[in-house]
Amino acid sequence: MAEIENDSPPPREYRVAELAEAAGISVRTVRFYRERRLLPPPRKEGRIAWYGEEHLARLRLIAELLDRGHALGGIAELIGAGEDGRDVAELIGLQAALVAPWSDETPVHLDWDELRAAFGDQLTEANTAESIAQGFITVEPDGITHISRRLMDATTALVDEGVPLAAVLDVSRRAREYADAMADIFVALIRDHLLGALTHVHDLTPAEAARLTEQLHRVRPLARTVNDAQFALAMDRRARAEYDRLSAE
């Protein structure tokens, strides 16, 4: 039987200047990464150093991590935890799952005419200062930007129902304190029962990082479900108690 020829081209190799050009960085940067052991040693052929596709992939990974805000020291830790690019990606995925935003709020901008129409004479310096202090708004020359369209819509709806804006902001401040307490409870739950004694991401194997990442993605919606259900049940209890009190009076 005739042997099947392998028509696949041989893996490309680069000299250092070619590698730097392909990665979009300088030769000095490539050498700096080599000195910091962020890049594996090249293949030597006499006095010529040859770099392969794995070196180019590593440089692109480093660039991606830098764009995400990682420091070189942290990148070295991640790469040291697993020389395989996939292993590093799994560790990075865990970090992303740990710090990814839980909220999906959409900011909304209102100009001064819209604000005056919504709040009238309640658009005071004191109420504006309180909104800024709670981190809800940023003031701009042409109006304000609120961090949450849903919260802004709820605020204007409550004011339309006759609730003073100052009272809405007071309730918001107190509700935030309870929300922070609930968040602390779930952070502790995740820390104590999922992450265990983990202190640094490089303590994990890539397989453990992948498993924890999947767990975190599953737990996120469960935490929100528990909070929503607990609040609804609490409102049931409090509303019934208040009704009974008014009936007795």
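In whole Hz, what ³J(HN,Hα) sequence does region 169-183 give by Karplus (6.51, -1.76, 1.60; θ = phi - 60°), x for Gly and Pro?
So the Karplus estimates, Gly and Pro as x, are 5, 5, 4, 4, 4, 5, 5, 5, 4, 5, 5, 4, 5, 5, 4 Hz.
For TYR14, which sequence-distant residues (separation of 5 or more, or a different chain) have an amide H within less than 5 Å of its own amide H, given hydrogens modelled in the peptide plane?
Under 5 Å from the amide H of TYR14 lie the amide H atoms of TYR51, GLY52, each far enough along the sequence or on another chain.
If you count only protein heavy atoms and use a 1.4 Å probe, how large is the accessible surface of VAL163, to the nearest 10 Å²?
Its accessible surface works out to 50 Å², give or take rounding.
At 222 nm, what value in deg cm²/dmol follows for the chain if DSSP H runs of at least 4 each add -39500 (n - 2.57) and the sum is divided by all its residues, to the nearest 500?
Per the formula, -20500 deg cm²/dmol.
Rounded to whole Hz and in sequence order, give me ³J(HN,Hα) for region 19-32 from the Karplus expression 6.51 cos²θ - 1.76 cosθ + 1.60, θ = phi - 60°, writing x for Gly and Pro.
5, 4, 5, 5, 8, x, 10, 8, 4, 4, 5, 4, 5, 5
Quick one: how many Å² of GLU130 are accessible to a 1.4 Å probe, rounded to 10?
Here the accessible area works out near 50 Å².
What net charge is computed for the residues neighbouring TRP102, neighbours being all others with C-beta under 11 Å from the C-beta of TRP102, Lys and Arg scored +1, Asp and Glu -1?
The answer is 0.
Below 8 Å, C-alpha to C-alpha, sequence gap of six or more: please give me the relative contact order for the chain in percent.
Reported as a whole number, the value is 18 percent.
Enumerate the calculated ³J(HN,Hα) couplings along region 120-131 in order (Karplus 6.51 cos²θ - 1.76 cosθ + 1.60, θ = phi - 60°), each rounded to whole Hz, writing x wherever the residue is Gly or Pro.
Calculated HN-Hα couplings, in order: x, 6, 7, 7, 9, 4, 5, 5, 5, 5, 5, 5 Hz.
Answer with one residue from MET182, ALA17, ASN227: the one whose Cα lies farthest towards the positive end of the charge dipole of the chain, charges on Cβ with Lys, Arg +1 and Asp, Glu -1.
The residue sitting farthest along the positive end of the dipole is ALA17.
At a probe radius of 1.4 Å, what is the per-residue accessible area of GLU105, in Å² to the nearest 10?
60
Subtracting the Cα-Cα distance from 0.36 nm times the residue separation, let me have the gained length for ASP228 to ARG245 in nm, one decimal.
Gain on extension, ASP228 to ARG245, equals 3.5 nm.
The values are calculated or read from the model by the stated rules, or taken from the named source; none is laboratory data. Quantities reported herein were computed from a predicted structural model and do not represent experimental measurements. All Cβ positions, even for glycine, are placed from backbone atoms using ideal geometry, and neighbour counts span all protein chains on display. What goes into the accessible areas is simple: the full protein's heavy atoms, side chains included, and nothing from ligands, DNA or RNA. Shrake-Rupley method; radii C 1.70, N 1.55, O 1.52, S 1.80 Å.
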